[in-house]
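*Asks:* Structure in structure tokens, see below.
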Amino acid sequence: MGADHAVRVARRTAGAELVAVSDTDPGRAEAVANPLGGVRVIPDAAELIADPKVDAVLIASSAVAHEEQVLACIEQAKYTLCEKPLTLDRASALRVVDAEAAFGRRLIQVGFMRRFDPEYVRMKTLLDSGRFGRLLMMHNVHRNKQSPEWFQTEYIVRDSLVHEVDIARFLFGEEIVEINVLTPTPTSAVTGLLDPQLAIFRMSGGAIVNTEVFVNAQVGYEVRCEAVAERGTITIGQPSGGVYTTGVGGTWGGEIPDDYLVRFQHAYDHEVQAWVDACRDDEVIGPSTWDGYAATAVCEAGMESLRTGRPVRVML
Ligand code: ISE
């Protein structure tokens, strides 16, 4: 993700200059920085954050490092885009909220990029127009082709479902008050993983959201959302804009992207451009540390539901 963002900032983001790259593996940082020309490698993230030549910081490190790095950005008063999840648990997320509040104004945008995806933006506009009436239910599909070998069962909630947690809060404009995570007999494609999962959210206004998360679906990267309202439905994520092929023997079909860097490349581009534009105007936009905290709190309840097999109330 960091390597993808480095090229994005250096090559596809107006008004930004990629000054430096940091990684716990200096060789990896060199491999990313060198082809871009004129980009420094600063192995110590804290040193990069404090560097006077660095106006703003994009954090795409492993989530376990986020709290320390975001707190350092606040201490150095640097505008920050922090990839999701904000942190790994509600207590650390709340420490970040409190630190930013103590600083006195927003500095942090959290990297829930689907809010910048053209299809989700269109869905939000249509829902907010009132034309479809009250939103009653939402059906989500979130499929990855395969999960990395380090992926664990709880990461399906904390690292993957977290996107549906944030986008449900964004589309409804409400909090999630209960989560229940169900697990069917797992796929035989991998061992030791409760995959797929079906998560059910109860929204504060009474609506219900269900999400299938399947991180070893073998086919490709599919993210679909159907909003069911009183006077109609809105569906996004259909492979409609793709290239359709026909083959000898009467085969035909579309294309399903391999991963999220392809499916959401425009969302990431819009997200980072909007972040840079805001930084240049001394403003902060998009998902806040409160959004990051709320998503983490819901996921923590979701992981408890996964462990207990019961619905869990979310306390913010
Ligand atoms: C990954 O970290 C992402 O954020 C992707 O959007 C998600 O689909 C994937 O499951 C996560 O691991």
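*Asks:* Per 5 Å bin, what is the whole-percent P(r) computed from every C-alpha pair distance within segment 124-164?
*Replies:* All Cα pairs, binned at 5 Å, distribute as 5, 16, 20, 17, 11, 10, 10, 8, 3, 0 percent.
*Asks:* If you don't mind, there's one more thing I want to ask. So how long is each side of segment 63-113 along the principal axes, counting just the alpha-carbon atoms, biggest first, in Å?
*Replies:* So the extents along the principal axes, rounded to whole Å, are 23, 23, 15.
*Asks:* Hey, could you pull the Cα Rg and Dmax for segment 39-140, both in Å?
*Replies:* 17.2, 52
*Asks:* If I take the Cα coordinates of segment 98-218 and project them onto the principal axes, what are the three extents in Å, biggest first?
*Replies:* 45, 40, 28
*Asks:* Viscosity 0.692 mPa s, temperature 37 °C: give me the Stokes-Einstein translational D for segment 178-316 in µm²/s, with Rh taken as the Kirkwood radius over C-alpha pairs.
*Replies:* The diffusion coefficient I find is 177 µm²/s.
*Asks:* Which value results for Rg/Rh of segment 1-48 when Rg is the Cα radius of gyration and Rh the Kirkwood radius based on the inverse mean 1/r?
*Replies:* 0.94
*Asks:* Let me ask something else about it. Provide the convex hull volume over Cα atoms per residue for the chain, in Å³.
*Replies:* 160
*Asks:* Pop out the Kirkwood hydrodynamic radius of segment 1-92 from its pairwise C-alpha distances, inverse of mean 1/r, in Å to one decimal.
*Replies:* 13.4
*Asks:* Nearest 20 debye, what's the magnitude of the dipole of segment 1-160 about its Cα centre given +1 on Lys and Arg Cβ and -1 on Asp and Glu Cβ? Walk me through the intermediate numbers first.
*Replies:* Details: 21 positive and 22 negative charges, 207 e Å.
Magnitude of the dipole: close to 1000 debye.
*Asks:* Relative to the longest principal axis of the C-alpha atoms of the chain, give the angle of the C-alpha long axis of helix 2-11, reported between 0 and 90° and rounded to the nearest 10°.
*Replies:* The answer is roughly 70 degrees.
*Asks:* Moving to a separate point now. Measure off 7 Å from each Cα along the Cα-to-Cβ vector at Gln76 and Leu136, then give the distance between these two points in nanometres to one decimal.
*Replies:* The answer from the label model is 5.2 nm.
*Asks:* Would you kindly calculate the translational diffusion coefficient of segment 229-270, applying Stokes-Einstein with the Kirkwood radius from alpha carbon pairs, for 4 °C and a viscosity of 1.567 mPa s, and quote it in µm² s⁻¹ without decimals?
*Replies:* D, rounded to a whole number, is 100 µm²/s.
*Asks:* Can I ask one more? Please tell me the relative contact order of segment 130-258 in percent, rounded to the nearest whole number, where contacts are Cα pairs under 8 Å and at least six residues apart. Mind showing how you got there, number by number?
*Replies:* Values: 244 pairs, mean separation 44.2, N = 129.
Answer for segment 130-258 is 34 percent.
Bear in mind these aren't lab numbers, they're just calculated from the coordinates by the rules spelled out. Being a predicted model, the structure only gives us computed values, none of them experimental. FYI the Cβ positions are ideal-geometry reconstructions off the backbone, even for glycines, and counts take in every protein chain you see.
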